[in-house]
Amino acid sequence: MALPLYYNWRNLRVRKLSSALTFIVVAVLVLVLCVLLSFAAGIRASLAASGWSRNLLVLKPGATAESTSIITPDEYGRVVQAHDIARGPDGELLISQELCTQTSIPRRNAARNLANVAIRGVDATAFLVHPEVRIVEGRRFEPGQLEIVVGKAARDRFENLRIGGEVRLGRQANRVYRVVGVFDTGGGAFDSEIWGPRAQISDSYNRRFISSAALRLNDDLAATGTIAYINGPAVALESKRETDYYAELAKKTREIVFLTTILIIIMSIGAAFAVANTMYAAVDGRRREIAMLRTIGFSKAAIITSFVTESLLICVVACAVGVAASLLFAGSRQDFLSDMTWTVLAYELRITPGIAATALALACAVGVLGALAPAVRASRVRVIEALRKV
Amino acid sequence: MHLRLIYLYRNLTRNPLRTCLTCAAVGLPMVIYVLSSAVIVGMEKFLDNSAKQLRLAVAHKASIVNPLPDGYARKIQSLDPTGTRLTAVCGMRWIGGKIENDPRLVSTVAVDAEPFVNAFPDYQLTPAEKDAWLKDRQAIILGRGTAAQFGWNVGDRITLRPSLPPYTPMEFHVVSTADKATDPLTNWCHRTYFEEELKKQYPEAPQNMVSFFFIKCASRQDLDRFRIQIDDLFKGSIDETKTQDEKAFMNEYITQQFNLPRNLAILSAVTVFVAIMAATNTMSMNFRDRFNEYATLKAIGFGGGYVFSLIQTESLGLCLVGGAIGALAPYAAFRFTPLRNVTVPLIQHLEIQPIVCAYAIGIAGAIGVIAAVWPAVQAFRMKVVTALRNLE
């Protein structure tokens, strides 16, 4: 027979201060865990929403990212020969020549520090190759005009990127481009970028070559063959699925997860000790009570379960509060400078169900580990000895 | 006094389990505090070294990634034809680099060989290293962290593939592993060698461009003066410049990487808070357990101040021991065990400075004092009569 939960609840209320302090320790632990993991989850979610497995990204071999890649017209001419490139509604090849560069724009925060924002010069085909890029406000840029469209995340995170805003771009930063539209890819990496007409961007930056080419395949199965063709001697460039390219960028988040793991392990051990301390005090203060319970027939197992439940009760409620508190941070915009692309990726902190589950598991582990030793001690209370003191 | 110490010792050893648990609950957050402070201090040290070097960094005004023509070096030098105020103007081009079949980036910068030696005296190259560096156009100075990471030594021949045009493998000869430098990651090679390869392998790509110039000044006044003069010199030209001192330049980059210093500071504050909670918990339990004792002490004539200080010292002692263990464990771990090879971005080797440990112990002491305030005040105010009434 188990002891009723109400008994545990009453017990917790007897030692208000001690229970409250343990509660705070566990809640803070959970909060730190959730916030740290939400960085990684935000970046991963953003990069996972980027690219299509049916799209190939073509770069110069050796280039680590689009921004350091240069493709000459000759090379591009060979890429176009690849089979299996899909065709658009007007029969044009779905291959987008892209010129990637960057500019410094102040962040919209108090410090107004500069961020390296990616600029992508594209043609109209780009919107067919990347159909996820949807204009949600304003309109597309007109070819030949000094106009740009900006990602939603970039607009929110960086200064002066609202519709009608003006940005000075170009090698001399002397071409004034006007923001005419905002696009949304549903949280992908493009959302942190500025897109403009390729010819204008190319002229402003005095760049004669494109950085990369993105192409859409007829079907998923064609990828292997086309990659082999482009990476082979016929073209001698490097192509990969867009999804693979972004997965590689997402590897950066492993560092955060690794760091978080170490920190959380150290903190959880500390928290488990705090819980153990509280529970030991609870056990010691209730020796007579426990002896009484044992006398009236509760088994050792019931006593252990009861104490572990009591500790779990604190930890689970603390976990709920910690996760709830971390939700206050969710959605806040951050950005980080990728050391591969040298541009910033804006992302939102995200508390995923996975993170909440991890937090719950951690809180339970802390609760059980912290309570186990005190509970066992409680179960060993000798009935006679305890009753003698009554 | 003697009596008090005995009492204190007895109190702490009375419930050894509780003492140990509290020590751990205070010590473990201190471990985190020490580790994150070590990273912050490491970065500050890096930046402070930058500030001490009296160097200016000249980059493109529009964006750091826009290149500048290398001919600017001569124009900048012409601001001080004697060469006594501006002692070195070193053009640099970031070329990245990777070795075959390895995803790790070998961050390499191509520099003007001779100005580099003069602009970076903090590298403290030996005369032999300097000689080898200047004579061999394929010479490379490795950051000691990079050298350790890839197992490269002086005398090795290594092949890197730049991340920029020409993208083709280039062979380098290791002449130094820069053991004295504060930057353990960056590798330095000759810009002339890079430009030759570029011309040979990729004539279409723009030639003779640099990412930035590093300029060594003779004094702080010169630094401030030239910072403005250089930007004025190129005002209105095709490529305008933005000149900052080296610290500001580096800082801009660091804050973009997750704003690590700020976030770590927040994290350590949180862990200290957790430690306060844990210690307060113990002290309040101790106080409750010994309520009768304190009442008795007061009844037999010890003053409120005595009991107050008794509780305070106990808490202080407890937290100091926990804090000392928590501060010294990572210190020892990162100095004497394989952990010292762990790499951290930017500062590479995590050096735990004794001063950080001292701070941690100080903070642990403060935690002890704060944790005991409430129980100690209660004991101080305790009315003997009420207390004795509760005696069992």
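Values quoted throughout were computed directly from the atomic coordinates according to the rules given, and no laboratory measurement underlies them. Note that the structure is a prediction, hence the values are computed from the model and not measured. Reconstructed Cβ throughout: ideal geometry from the backbone, glycine too, with neighbour counts over all protein chains shown.
Quick notes on this one:
- Antiparallel content of DSSP bridges confined to chain A, in %, to 5: 80
- Sorting B:Trp133, B:Trp94 from the fewest to the most surrounding beta carbons within 10 angstrom yields B:Trp94, B:Trp133.
- The simple Förster model, with R0 at 60 Å and r as the Cβ-Cβ distance, assigns A:Ala234 and B:Glu44 a FRET efficiency of 0.70.
- Ranking B:Gln312, B:Ile266, B:Ala358 by Cα position along the charge dipole of chain B, where only Lys, Arg, Asp and Glu carry charges on their C-beta atoms, puts B:Gln312 farthest toward the positive end.
- Our estimate of slack between B:Gln77 and B:Leu3, defined as 0.36 nm per intervening residue step minus the Cα-Cα distance, is 19.1 nm.
- Taking 1.002 mPa s as the viscosity and 20 °C as the temperature, the Stokes-Einstein diffusion coefficient of chain B based on its alpha-carbon Kirkwood radius rounds to 86 µm²/s.
- Peptide packing: for B:320-330, B:120-130, the average count of neighbouring Cβ atoms within 10 Å per residue gives the ranking B:320-330, B:120-130, highest mean first.
- Normalised by the number of residues in region A:1-103, the average gap of Cα pairs under 8 Å and 6 or more apart makes the relative contact order 11 percent.
- Per residue of B:8-18, other chain Cβ atoms within 10 Å of the residue Cβ number 1 on average.
- Remark: the B:Arg262-B:Asp231 segment gains 8.1 nm on full extension, using 0.36 nm per residue and subtracting the alpha carbon distance.
- Counts of other chain beta carbons within 10 angstrom of each beta carbon in peptide B:271-283 average 6.
- Magnitude of the charge dipole for region A:1-155, about its Cα centre and with charges confined to Cβ atoms of Lys, Arg (+1) and Asp, Glu (-1), is about 1460 debye.
- Cα-derived Rg to Rh of region B:263-319, Kirkwood definition: 1.17
- Kirkwood Rh, angstrom, region A:125-242 [1 / mean 1/r, Cα pairs]: 15.8
- Cα coordinate range in the protein assembly as shown, projected on the principal axes (Å, largest first): 97, 67, 49
- The charge dipole of region A:240-390, taken about the Cα centre with unit charges on the Cβ atoms of Lys, Arg (+1) and Asp, Glu (-1), comes to about 980 debye, rounded to the nearest 20.
- Of B:Gly91, B:Leu68, B:Val111, farthest towards positive along the dipole that unit charges on Lys, Arg, Asp, Glu beta carbons give region B:63-153: B:Leu68
- Sorted largest first, extent of region B:106-225 alpha carbons per principal axis (Å): 43, 34, 24
- In nm, spacing of pseudo-spin labels at B:Ile300 and B:Trp374 (7 Å Cα→C-beta vector): 3.0
- Residue exposure proxy: A:His83, B:His60, ordered by other Cβ atoms within 10 angstrom of their Cβ from fewest to most, comes out as A:His83, B:His60.
- Across B:Lys130/B:Lys199; B:Lys61/B:Lys135; B:Lys52/B:Lys242; A:Lys60/B:Lys216, pairs whose alpha-carbon gap is larger than 25 Å: B:Lys130/B:Lys199; B:Lys61/B:Lys135; A:Lys60/B:Lys216
- Projected label distance in nm at B:Arg14 and A:Val317, using a 7 Å step from Cα toward the beta-carbon: 2.9
- For the options A:Ser192, A:Ser239, A:Ser53, a Gaussian network treatment of chain A with springs between C-alpha atoms closer than 10 Å singles out A:Ser53 as fluctuating the most.
- Plainly put, region B:1-146 has a radius of gyration that is 1.27 times its Kirkwood radius, both from alpha-carbon atoms, as the Rg/Rh ratio.
- Other residues lying with their Cβ under 12 Å from the Cβ of A:Gly62 contribute a combined charge of +1, Lys and Arg counting +1, Asp and Glu -1.
- Note on B:52-63: average number of Cβ atoms from other chains within 10 Å of each residue's Cβ is 3.
- What the Kirkwood sum gives for region A:70-138 is a hydrodynamic radius of 14.9 Å, with every pair of different alpha carbons counted.
- Taking all Cα-Cα distances within region B:214-301, those exceeding 16 Å account for 75%.
- Separation of the B:Ile99 and A:Arg87 label points, Cα + 7 Å toward Cβ, nm: 4.9
- Peptide packing for A:351-363, A:117-129 was compared via the average number of neighbouring C-beta atoms within 10 Å per residue; ordered from the highest value, the list is A:117-129, A:351-363.
- Overall, region B:163-315 carries a charge dipole of about 640 debye about its Cα centre when +1 sits on the Cβ of Lys and Arg and -1 on the Cβ of Asp and Glu, all other atoms neutral.
- With eigenvalues of the C-alpha gyration tensor scaled by 5 and rooted, region B:63-148, Å: 26, 19, 10
- Here the calculated FRET efficiency for A:Leu328 and A:Arg254, from their Cβ-Cβ distance with R0 = 25 Å, stands at 0.40, rounded to the nearest 0.05.
- Around A:Asp244: net Lys/Arg minus Asp/Glu count, Cβ-Cβ under 12 Å: 0
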